[in-house]
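First up is the structure itself, then whatever we jot down about it.
The values are calculated or read from the model by the stated rules, or taken from the named source; none is laboratory data. Quantities reported herein were computed from a predicted structural model and do not represent experimental measurements. Heads up, the Cβs are rebuilt from the backbone with ideal geometry, glycines too, and the neighbour counts pull from every protein chain shown. What goes into the accessible areas is simple: the full protein's heavy atoms, side chains included, and nothing from ligands, DNA or RNA. Shrake-Rupley method; radii C 1.70, N 1.55, O 1.52, S 1.80 Å.
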Amino acid sequence: MIRINLDVMMARRKVSLTELADRVGITLANLSVLKTGKARAIRFTTLDALCQALDCQPADILEYVGE
């Protein structure tokens with residue numbers, strides 16, 4: 001299972017959902033789906049934009065958790 005730690009990175013960087021959505025250029029609804037871990041997929045361009053906006057690596061956002 002892949003766990004999404006977007007909320008952790010947002011807290012570390014002190015960035016709100018609205019601010020991050022504006023920086024990344026995606027809707028608040030889509031970002032919320034990612035943040036809550038309900039997303040079924042993520043585009044590399046979105047992941048790239050998130051990493052750039054949060055100054056982090058993909059592994060800081062995505063984590064593999066064995067079942």
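List of remarks:
- A search for C-beta distances below 7 Å between a residue of the range 53-67 that is free of Cβ contacts under 8 Å to residues at least 24 places away in the same chain and closer than 23 Å to Thr18 by Cα and any residue that is open to solvent by less than 60 Å² (accessible area, probe 1.4 Å) and not hydroxyl-bearing (Ser, Thr, Tyr), counting only pairs 6+ apart in sequence or on different chains, returns Gln57/Cys51; Pro58/Leu47; Pro58/Cys51.
- Restricting attention to the range 6-24, the residues that are of a type outside the set (D, E, K, R) and open to solvent by 30 Å² or more (accessible area, probe 1.4 Å) add up to 5.
- Residues of the range 19-51 satisfying the condition of being basic (Lys, Arg) and in contact (Cβ under 8 Å) with a residue 12 or more places away in the chain: Arg23, Lys35
- Among residues of the range 25-47, those that are touching a Ser or Thr at 6+ places or on another chain (Cβ under 7 Å) and open to solvent by less than 80 Å² (accessible area, probe 1.4 Å), counted: 1
- Here the condition is being exposed (fewer than 11 other Cβ atoms within 10 Å of the Cβ), in contact with a helix residue (DSSP H, G or I) (Cβ under 8 Å, 6 or more places away or on another chain) and either among the basic types (Lys, Arg) or at pLDDT 95 or above (or both); of Asp60, Asp55, it holds for Asp55 alone.
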